[in-house]
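The values are calculated or read from the model by the stated rules, or taken from the named source; none is laboratory data. As the structure is a computational prediction, the values presented were derived from the model and not from experiment. Cβ sites come from the backbone with ideal geometry, for glycine too, and all protein chains shown count toward neighbours. Accessible surface areas use protein heavy atoms only, side chains included; no ligands, DNA or RNA. Shrake-Rupley method; radii C 1.70, N 1.55, O 1.52, S 1.80 Å.
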Amino acid sequence: MYVATKGGERAIEAAHAWLAEERRGDPAVPELSLAQIREQMALAVNRVMAEGSLFDPDLAALAIKQARGDLIEAIFLIRAYRTTLPRFGASLPIATEDMAITRRVSATFKDIPGGQILGPTFDYTHRLLDFKLAAEGAPVPTAACKPADANPAPHILALLDRDELMEPLEHSDATPPDLTREPLEMPAERALRLQALTRGDEGFVLSMAYSTQRGYGRTHAFVGELRIGRCAVEMDIPELGFSVEIGEVELSECETVNQFTGSKTEPPQFTRGYGLVFGQNERKAISMSLVDRALRWQELGEDDTGAPAQDAEFVLYHCDNIQATGFLEHIKLPHYVDFQSELELIRRLRRDAKAPQQEAAQ
Amino acid sequence: MKDLRDTPLLVVEDLSKRYGARIGCVDVSFDLWPGEVLGIVGESGSGKSTLLSCLAGQLAPDTGRVLYQGHDTLEMGEPQRRTLARTDWAFVHQNPRDGLRMGVSAGGNVGERLMAVGARNYGAIREAATDWLGRVEIDATRIDDRPRQFSGGMQQRLQIARNLVTAPKLVFMDEPTGGLDVSVQARLLDLLRGLVRDMGLSVILVTHDLAVARLLADRLMVMQGGHVIEQGLTDQVLDDPQAPYTQLLVSSVLQV
Amino acid sequence: MSDQAYNFAYLDEATKRMIRRAILKGLAVPGYQVPFASREMPMPYGWGTGGVQVTAACLTPEDTLKVIDQGADDTTNAVSIRTFFERTAGVATTTQTAQASVIQTRHRIPEEPLRAGQILVYQVPIPEPLRFLEPRESETRKMHALEEYGLMHVKLYEDIARHGEISTAYAYPVRVEGRYVMDPSPIPKFDNPKLGNCPAIQLFGAGREQRIYALPPYCDVVSLDFEDHPFTPSKADHDCDLCGCATSYLDEVITDDQGGRMFVCSDTDFCETRRDAGHRGRLSPEETA
């Protein structure tokens with residue numbers, strides 16, 4: 001029962017006990033192990049790591065288990081844990097051109113140096129429920145595999161860059177701002193926007209990206225390259241005087257080739273959008289690159305068409321699902337003090353409005 | 001064939017528009033002749049903007065008729081009305097942003113009406129746009145710039161060029177000098193007067209500014225509370241106002 | 001072998017009838033976008049659900065189906081859709097344009113001229129040619145109804161003013177039978193001249209946007225332009241490096257990271273047919289016979 005005046009503490013304890021019971025479900029069904037979640041719900045784990053901003057598949061699996069599969073709740077758990085961790089330093093920038101690739105596709109060229117690699121994808125599967133999966137104990141599927149390609153797989157946009165067909169990248173050695181250490185302030189530069197987008201809600205970023213495709217801030221995007229794989233993380237160790245590899249992360253990176261700018265005197269060049277996300281999470285990486293590109297309208301001299309995806313304040317202040325869900329759900333908290341004052345006000349206003357009518361009727 | 005100059009361009013009969021219990025305009029009737037400029041003056045809320053919207057087909061009146069060259073514009077279908085709106089008619093908004101495409105170059109803005117009625121020669125469209133920019137005193141080198149790079153006065157002149165490029169017969173103007181500084185206003189009025197005279201335009205001009213009315217209008221209609229309370233030749237109405245409200249309006253505002 | 005768990009060509013007969021009605025209406029009013037109650041399909045929106053529904057509504061057991069994507073039969077999405085119909089309709093499939101009675105395509109019109117009796121089904125992502133000038137559907141429908149296409153030419157005017165030419169390279173808008181402005185789907189403008197006066201039926205299906213439109217045979221299709229900046233179909237300024245064809249649409253293939261490129265016909269069936277007939281290009285392997 002929703003009673004907050006007395007016995008609140010007991011109510012909360014009981015509710016949490018009930019939650020724990022429901023989390024476990026029918027005890028006749030074996031309990032999920034973290035390893036099962038990590039291995040067999042890997043894409044859920046990836047999403048929790050990406051939006052939780054912490055690369056740790058085991059912790060993400062734990063969060064999913066604890067959250068009963070509610071991914072936003074799991075992301076919340078990871079964020080809350082992450083914020084308690086001591087920070088020893090920052091890694092060197094990751095070299096995605098050296099990625100150990102598991103999937104790589106380009107929509108702009110039929111064939112590319114290093115090859116198109118479909119990898120483990122849902123693409124081209126027919127979305128028909130496979131009832132065979134309902135039966136347990138099926139033989140372990142195996143896929144034929146080929147030794148890793150020794151040929152380099154350069155970034156496709158770098159190849160277009162050689163021909164000066166891409167807008168030049170701005171190189172900077174400045175330390176980028178850190179969204180987790182400083183408040184988000186407007187106007188937000190691109191590095192900050194990208195940080196907000198990579199941890200932004202997948203559904204929100206997806207819908208923003210989709211709206212640009214449908215004409216609300218259109219950017220004519222082609223997927224120049226989407227690559228997924230593992231990258232080494234290196235860190236400078238001051239005591240050693242050189243950098244050492246401290247681990248590996250799986251990343252999805254998307255670079256889009258977009259509509260060009262230019263004029264009769266200034267040769268046109270394609271523009272770019274960028275997405276980089278933890279784990280195999282290409283929907284998010286592609287969405288991010290489209291929204292990134294849409295948000296760059298000002299620096300590229302485009303028009304503000306009033307599209308939501310062009311409005312950096314709108315996008316950045318609303319893309320974080322932990323902020324959003326917290327504020328949204330807070331309206332179920334008791335508000336009876338405020339409501340009481342509204343009640344009194346509306347009763348008085350109604351009385352005042354009715355009085356002249358009653359007088360007139362007499 | 002009867003000379004069109006012998007018949008009114010626009011005949012308005014008993015036009016009324018109410019918003020629920022509130023009055024927009026009531027029983028307005030008048031004729032507008034080719035080449036004539038009719039000023040509609042009054043304070044805000046007098047019904048002059050409602051009347052203009054009804055005349056231009058942007059708002060459906062409750063009762064009455066609006067005959068343009070003998071055709072009832074309220075009875076005609078939307079396709080014909082829209083065709084009229086992009087050929088014979090033009091509408092100059094108070095705020096140029098409402099009448100311009102802010103993301104399209106000055107040349108594109110002027111050329112749009114030409115293209116809408118079938119112009120398909122880029123060079124000719126550009127030539128017409130250049131000519132019109134000149135006529136509204138905008139430097140031809142600005143043809144590829146977007147209106148947002150223009151000053152308020154330039155934007156308003158561009159809006160006028162965009163409207164007049166297809167040589168319309170009837171122009172509706174809603175406070176065309178409204179948002180501008182006095183010196184910019186004077187230049188625009190001068191320009192408008194020249195264009196109206198040279199092109200023989202018929203104009204329905206809504207303004208609260210009697211000085212603007214005096215400079216541009218041949219005839220005036222004074223509105224109060226949705227009713228036309230006085231009409232006549234401009235000089236006659238302003239120099240010898242009959243209705244007490246007009247007398248008040250003229251004495252308190254008019255300082256020409 | 002068809003999968004017995006599903007009706008012929010996946011959709012139930014009532015749905016197919018509904019789609020056929022939309023197709024007939026589209027053929028009767030060329031270029032007009034007919035709304036239809038698009039169904040959820042077992043592939044994602046944007047991957048050809050509109051084309052697949054139109055194909056499903058057109059197929060008979062006697063048909064021979066060809067599916068291409070980017071002009072090629074072997075591209076992943078084409079393979080996927082062809083397999084889908086092999087499985088759910090059990091119809092014969094082919095890669096040869098001349099052999100096919102129904103051809104589903106994404107982004108190309110085959111090089112070989114189509115003939116009477118064939119149906120070409122296009123997959124359409126955004127059916128509305130005015131969409132990028134006016135995002136609101138309620139407004140664009142009105143613009144079509146009232147033939148208010150001035151804005152479309154303003155866009156082309158702006159292109160020329162800015163770049164010196166019309167900078168639309170694909171999904172180049174056309175006017176059909178002097179009435180509706182139509183998006184030909186994202187085919188390269190190179191293919192636009194093949195749209196008009198075509199003996200085959202051309203059907204366009206947009207699943208996500210729930211629209212079907214059509215070009216009946218021998219219909220008049222004009223690419224929008226200006227008299228003094230006429231429409232020009234264009235392609236890479238090369239011959240095919242495999243079959244030597246100088247007039248086909250070419251794909252650019254990056255061969256190394258040193259700027260190496262080759263150009264090959266995007267229509268794989270066309271290229272193979274030419275090679276089988278003995279045509280050779282710059283990079284053809286030496287004859288070993």
Hz values of 3J(HN,Hα) by residue in the stretch A:70-81 - Karplus curve (6.51, -1.76, 1.60), Gly and Pro given as x: 7, 5, 5, 4, 5, 4, 4, 4, 5, 4, 5, 6
Cleavage-rule hits (GluC sites (Glu not before Pro)) in the stretch B:81-184: DSSP loop, at most 14 neighbouring Cβ within 10 angstrom: B:GLU137
Neighbour net charge for B:VAL11 - beta-carbon separation under 9 angstrom, K R +1, D E -1: -1
Prolate/oblate/rounded call for the stretch B:80-173, Cα gyration tensor, a/c under 1.5 rounded: oblate
Summed residue charge, Cβ within 15 Å of A:ALA188's Cβ, Lys/Arg positive, Asp/Glu negative: -4
Set of the stretch B:99-134 residues, backbone N closer than 17 Å to the point 7 Å along the Cα-Cβ line of A:HIS220: B:104-105
Ranked by how many other beta carbons lie within 10 Å on average, peptides A:101-107, A:91-97 from highest: A:101-107, A:91-97
For C:THR64, distant residues with modelled amide H under 5 Å away: C:SER101, C:VAL102
Probe 1.4 Å, protein heavy atoms only - accessible area per residue of chain A in square angstrom: 62 Å²
B:ASP145 long-range amide H proximity, modeled H, under 5 Å: B:ALA106, B:GLY107
Carbon plus sulfur fraction of accessible area for the stretch B:101-167, probe 1.4 Å, in percent: 46 percent
Longest site-free stretch - chain C; sites: trypsin sites (Lys or Arg not before Pro), DSSP loop, at most 13 other Cβ within 10 Å: C:137-281
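Counting only DSSP beta bridges with both residues in the protein assembly as shown, what percent are antiparallel, rounded to the nearest 5?
Details: 73 of 108 bridges.
In the protein assembly as shown, DSSP labels about 70 percent of beta bridges as antiparallel.
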Probe 1.4 Å, protein heavy atoms only - accessible area per residue of the stretch B:101-167 in square angstrom: 35 Å²
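Based on the Cβ-Cβ distance of B:TYR19 and B:ASP198, what FRET efficiency does E = 1/(1 + (r/R0)^6) give at R0 = 41 Å, to the nearest 0.05? Display every interim value, and only then the final one.
Numbers: r = 39 Å, r/R0 = 0.95.
My answer for the efficiency is 0.55.
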Sites excluded, GluC sites (Glu not before Pro) in DSSP loops with at most 11 other C-beta within 10 Å, longest stretch of chain C: C:63-226
Listed pairs A:LYS65/A:LYS132; C:LYS66/C:LYS235; C:LYS142/C:LYS235 exceeding 30 Å between Cα atoms: C:LYS142/C:LYS235
Note, ³J(HN,Hα) from phi for the stretch C:237-248, Karplus 6.51, -1.76, 1.60, rounded to Hz, x at Gly and Pro: 7, 8, 9, 5, 6, 9, 10, x, 5, 9, 10, 8
Helical mean residue ellipticity (222 nm; -39500 (n - 2.57) per DSSP H run of 4+; nearest 500) of chain B: -11500 deg cm²/dmol
Chain C - mean residue ellipticity at 222 nm from DSSP helices (-39,500 (n - 2.57) per run, n ≥ 4, rounded to 500): -7500 deg cm²/dmol
Antiparallel content of DSSP bridges confined to chain C, in %, to 5: 60 percent
Length-normalised contact order for the stretch A:1-72 - Cα pairs under 8 Å, 6+ apart - percent: 27 percent
Per-pair calculated FRET efficiency, R0 = 60 Å: A:THR325 and B:ALA60 via Cβ, rounded to 0.05: 0.80
Alpha carbon centroid spacing (whole Å) that separates the stretch C:239-260 from the stretch B:66-105: 52 Å
Qualifying trypsin sites (Lys or Arg not before Pro) for the stretch A:174-266 [loop in DSSP, other Cβ within 10 Å: at most 14]: A:ARG181, A:LYS264
Shape category assigned to the stretch A:11-82 from the gyration tensor of Cα positions, a/c cut at 1.5: oblate
In Å, descending, principal axis extents of the Cα set of the protein assembly as shown: 102, 89, 65
About the Cα centre, charge dipole magnitude for the protein assembly as shown (Lys/Arg +1, Asp/Glu -1 at Cβ), debye: 2260 debye
Contact order relative to length of chain A, as percent, for alpha carbon pairs under 8 angstrom and 6 or more apart: 17 percent
Shielded by partner chains, the stretch B:121-143 residues - at least 30 Å² of accessible area, 1.4 Å probe, vs chain alone: B:ASN121, B:TYR122
Alpha carbon centroid spacing (whole Å) that separates the stretch B:128-187 from the stretch A:72-140: 56 Å
Largest-first principal axis extents, alpha carbons of chain B, Å: 54, 42, 41
A:ASP303 long-range amide H proximity, modeled H, under 5 Å: none
Sorted largest first, extent of the stretch C:199-252 alpha carbons per principal axis (Å): 39, 33, 26
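Suppose the chain between A:VAL244 and A:ASP111 were pulled fully straight at 0.36 nm per residue; how much longer would it get relative to their current alpha carbon spacing? Please report the intermediate quantities before stating the final value.
Details: separation 133, 0.36 × 133 = 47.88 nm, distance 3.53 nm.
The A:VAL244-A:ASP111 span can extend by a further 44.4 nm.
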Carbon plus sulfur fraction of accessible area for the stretch A:231-362, probe 1.4 Å, in percent: 57 percent
Residues C:TYR6 and C:GLU272, FRET efficiency given R0 of 25 Å [Cβ-Cβ distance, rounded to 0.05]: 0.15
Total formal charge among the other residues, if their Cβ is under 9 angstrom from that of A:THR261, Lys/Arg +1 and Asp/Glu -1: -3
Over 24 Å between alpha carbons, listed pairs A:LYS284/C:LYS189; C:LYS25/C:LYS194; A:LYS110/C:LYS189: A:LYS284/C:LYS189
In the A-C interface, the accessible area buried, summed over both sides, Å² (probe 1.4 Å): 3000 Å²
Carbon and sulfur %, accessible surface of the stretch A:11-82 computed with the full protein complex present, 1.4 Å: 60 percent
Shape of the stretch C:235-279, Cα gyration tensor, a/c cut at 1.5: prolate
Solvent-accessible area buried by pairing B with C, both sides, nearest 100 square angstrom, 1.4 angstrom probe: 1800 Å²
Accessible-area ranking of A:LYS110, A:LYS146, A:LYS284, largest first, probe 1.4 Å: A:LYS146, A:LYS110, A:LYS284
Cross-link reach list, lysines versus B:LYS17, counting only Cα pairs under 21 Å and skipping chain neighbours closer than eight places: B:LYS48
The stretch C:1-66-the stretch B:224-246 distance, computed between alpha-carbon centres (Å): 69 Å
